[in-house]
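Take a look at the structure below.
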Amino acid sequence: MTVGDLEAMPKTTAREGSSRACIDSTRLSRSLRLSGIVEESIVDGPGIRYAVFTQGCPHRCPGCHNPQTHDLEGGYEISSADLIESFMRSAAENPLLSGVTITGGEPLIQAYGLIPFADAARAAGYDIWIYTGYTMEEITKRHDGDEMALLKLTDTLVDGRFTQELRTLEKRFIGSSNQRIISSPFR
Ligand code: SF4
């Protein structure tokens with residue numbers, strides 16, 4: 001399955017169409033900087049998830065578990081097309097995959113590049129989680145067009161910086177108690 005194959009297929013939102021997605025070819029050349037990909041994660045949201053770790057984070061939270069993702073020039077570059085293709089290949093090989101998590105790093109600073117990927121994964125029937133260090137209030141106030149477009153494709157947003165003093169092991173999927181798990185944040 002290639003991105004070219006995907007472009008030729010009709011749009012579907014059904015899970016049975018997990019090998020299909022509606023992709024605007026003009027968006028496929030967008031560039032992303034990633035720290036890495038975990039094809040089967042069970043800690044970044046419910047079920048088995050395809051976790052994309054973006055590279056670059058302005059928040060620099062003390063105690064961050066992923067300091068290697070901070071450097072804006074670190075990681076590696078990948079196009080939207082290649083990321084989508086990589087995801088579709090994993091999805092085709094793993095029927096237990098239930099969703100996609102985009103984390104980091106700070107994903108929202110690469111919202112423009114992430115939109116085609118989130119769009120394709122969602123159109124193929126996978127739910128989308130995004131972890132951001134920004135709060136909902138900060139995002140709403142900024143009202144950035146690319147961020148809003150990405151968040152409209154998001155089923156669940158985990159917001160807020162990791163705060164060492166509020167570190168918790170009691171709640172699933174968050175690192176500190178100030179962080180919130182918000183369903184359908186901008187729909
Ligand atoms: S927002 Fe996340 S990745 Fe960025 S410094 Fe804080 S904990 Fe680390």
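Laboratory data are not the source of any read-out in this text; all were calculated from the coordinates shown. Keep in mind it's a predicted model, so treat the numbers as computed, not measured. As a convention, Cβ positions derive from the backbone with ideal geometry for all residues, glycine included, and neighbour counts pool all protein chains shown.
One residue stands out in segment 144-184 among those that are crowded, with 20+ Cβ neighbours inside 10 Å and polar (S, T, N, Q): the one that is farthest from the ligand (Cβ to nearest atom), namely Thr154. Of all residues in segment 42-55, how many are surrounded by 20 or more Cβ atoms within 10 Å (Cβ to Cβ) and part of a strand (DSSP E or B)? Qualifying residue count for the region: 6.
Would you call Glu85 of a type in the set (Asp, Glu) and touching a residue at least 60 places away in the same chain (Cβ under 8 Å)? Criteria met by Glu85.
Condition first: assigned to a loop (DSSP other than H, G, I, E, B) and either closer than 19 Å to His59 by Cα or of a type outside the set (S, T, N, Q) (or both). Now tell me which residues in segment 169-185 satisfy that. Across segment 169-185, the qualifying residues are Leu169, Glu170, Lys171, Arg172, Phe173, Ile174, Gly175, Ser177, Asn178, Gln179, Pro185.
Scanning segment 67-115 for residues that are assigned to a loop (DSSP other than H, G, I, E, B) and charged (D, E, K, R), we see that the one that is nearest to the ligand (Cβ to nearest atom) is Glu106. Under the condition of being part of a loop (DSSP other than H, G, I, E, B) and more than 14 Å from the chain's Cα centre (by Cα), the residues counted in segment 127-141 number 2.
Against the condition touching a residue at least 24 places away in the same chain (Cβ under 8 Å) and in a loop (DSSP other than H, G, I, E, B), how does Phe162 come out, does it pass?
So Phe162 fits the description; yes.
Filtered by the rule that a residue be of a type in the set (A, V, I, L, M, F, W, C), within 16 Å of the ligand (Cβ to nearest atom) and surrounded by 18 or more Cβ atoms within 10 Å (Cβ to Cβ), segment 125-143 gives Trp129, Ile130, Ile139.
All conditions in (1) of a type in the set (Gly, Ala, Ser); (2) within 25 Å of Thr26 (Cβ to Cβ); (3) touching a Gly at 6+ places or on another chain (Cβ under 8 Å); (4) outside any loop (DSSP other than H, G, I, E, B) hold for Ala149, with the sole exception of (3).
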